[in-house]
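Down below is the structure, laid out as structure tokens.
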């Protein structure tokens, strides 16, 4: 799940600073931080955005900047591969492997793709591509070599392509086609387009919340959720201007205003208003609009969460963001220092290749919005 861009007006320098070069080291647990505020529970939350994003992967974290992205993975040792299942203590024994990749967004080459709403669709498509590629890298890192002298095994490309297609199709069916199908069963009894889209929206949101609750209870995903928390804390630590150390990052909240979980909740709400003007056409038009409307909903949601991330200190924006932040309690867990070390390794690999302080707003267009 990946973080987004905070760009100033076109032509002005972006507010991306090298935290490892300019940020103060914090020694006292309660010392003040210029770009962070203390939450009621004593944790810190950054008050500014940086053009960075990320996603939890298998035993690691992907971080994305403006022109590069990196995956840091805690690889299993030979003994752990032989034993199979690893405890959290054993997982921390492996070395951290970091791989970096260049990023070339189509929006830099085509100005029309930088228009509002359109840029959201393009950016989210790119985010999904990078996200699945990062998962592939992390999954391959956990596989043992076929023998002592051979290269590590890799999951076939066809398997990953099939996984992406299946995941997108299941999401459209579960969150768009099933809600409209269930609501259509009582369409004749409603006799009101307002009631129809309201009930459909409630059904869609209920399915989404139930899905999130189910995922949060899966034992096998617990460590992924811990790395998700590590990703959020590390990005917030950078945004606040502190040195990137596990101890500093641990002080921050595991909830982030631009999280993908919050973004998906916004998608559920925005869809209610997008479909409202359509009324009650024939069933095949209902199905078609639910499929064709997905890009528009994604683009609008992109703009909303981007605006919220840049204006996170405004009281009314906080009120709107509150449900999404609370929903992140299901998809994040508190990471340990070893997991934070992995997240920091990924972010530092990106920062080593970026040009902090020299990027313009045009350079930042296309960085994902969700963390």
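Being surrounded by fewer than 20 Cβ atoms within 10 Å (Cβ to Cβ), assigned to a helix (DSSP H, G or I) and touching a residue at least 40 places away in the same chain (Cβ under 8 Å) is the requirement here; does residue 296 meet it? It is true that residue 296 is surrounded by fewer than 20 Cβ atoms within 10 Å (Cβ to Cβ), assigned to a helix (DSSP H, G or I) and touching a residue at least 40 places away in the same chain (Cβ under 8 Å).
Being outside any helix (DSSP H, G or I) and touching a residue at least 60 places away in the same chain (Cβ under 8 Å) is the requirement here; does residue 290 meet it? Spelling it out, it is not the case that residue 290 is outside any helix (DSSP H, G or I) and touching a residue at least 60 places away in the same chain (Cβ under 8 Å).
Table: residues versus (1) in contact with a strand residue (DSSP E or B) (Cβ under 8 Å, 6 or more places away or on another chain); (2) more than 13 Å from residue 69 (Cβ to Cβ); (3) surrounded by 14 or more Cβ atoms within 10 Å (Cβ to Cβ); (4) at pLDDT below 70.
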site	(1), (2), (3), (4)
80	no, yes, yes, yes
85	no, yes, no, yes
90	no, yes, yes, yes
127	yes, no, yes, no
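For residue 106, the conditions (1) closer than 27 Å to residue 160 by Cα; (2) at pLDDT 80 or above are fulfilled apart from (2). Filtered by the rule that a residue be under 14 Å from residue 276 (Cα atoms) and not in a helix (DSSP H, G or I), the range 160-219 gives a lone residue, 192. Of the listed requirements (1) loosely packed, with under 13 Cβ neighbours inside 10 Å; (2) under 15 Å from residue 268 (Cβ atoms), residue 198 misses just one: (1). Elements of the type helices (runs of 4 or more DSSP H) sitting completely within the range 304-371 and holding at least 1 residues that are at pLDDT below 95 and under 12 Å from residue 66 (Cα atoms): these cover 337-351, 361-364. Every listed requirement among (1) within 22 Å of the chain's Cα centre (by Cα); (2) within 30 Å of residue 344 (Cα to Cα) is met by residue 269 save one, (2). Residues being crowded, with 21+ Cβ neighbours inside 10 Å and farther than 29 Å from residue 170 by Cβ are entirely absent from the range 262-282. Of 236, 253, 262, all but one fail to be closer than 17 Å to residue 346 by Cβ and in contact with a helix residue (DSSP H, G or I) (Cβ under 8 Å, 6 or more places away or on another chain); the exception is 236. Each residue in the range 169-187 was checked for being without any contact (Cβ under 8 Å) to a residue 40 or more places away in the chain, exposed (fewer than 15 other Cβ atoms within 10 Å of the Cβ) and either touching a helix residue (DSSP H, G or I) at 6+ places or on another chain (Cβ under 8 Å) or more than 17 Å from residue 291 (Cβ to Cβ) (or both), and 4 pass. Pairs are defined by a Cβ separation below 6 Å, a sequence spacing of at least 6 or placement on different chains, a first member in the range 188-199 that is under 16 Å from residue 283 (Cβ atoms), and a second member that is outside any helix (DSSP H, G or I); the pairs so defined are 193/279; 193/280; 196/280.
Here residue 233 clears all of (1) out of contact with any strand residue (DSSP E or B) (no Cβ under 9 Å at 6 or more places or on another chain); (2) under 18 Å from residue 62 (Cα atoms); (3) in a helix (DSSP H, G or I) except the condition numbered (1).
Listed conditions (1) buried (at least 17 other Cβ atoms within 10 Å of the Cβ); (2) out of contact with any strand residue (DSSP E or B) (no Cβ under 7 Å at 6 or more places or on another chain) are all met by residue 222, apart from (1). For the range 244-266, a residue qualifies if it is in contact (Cβ under 8 Å) with a residue 60 or more places away in the chain, closer than 21 Å to residue 303 by Cβ and not in a loop (DSSP other than H, G, I, E, B), and the qualifying residues are 260, 261, 262, 263, 265.
The values are calculated or read from the model by the stated rules, or taken from the named source; none is laboratory data. Model, not experiment: these values are computed from the prediction. As a convention, Cβ positions derive from the backbone with ideal geometry for all residues, glycine included, and neighbour counts pool all protein chains shown.
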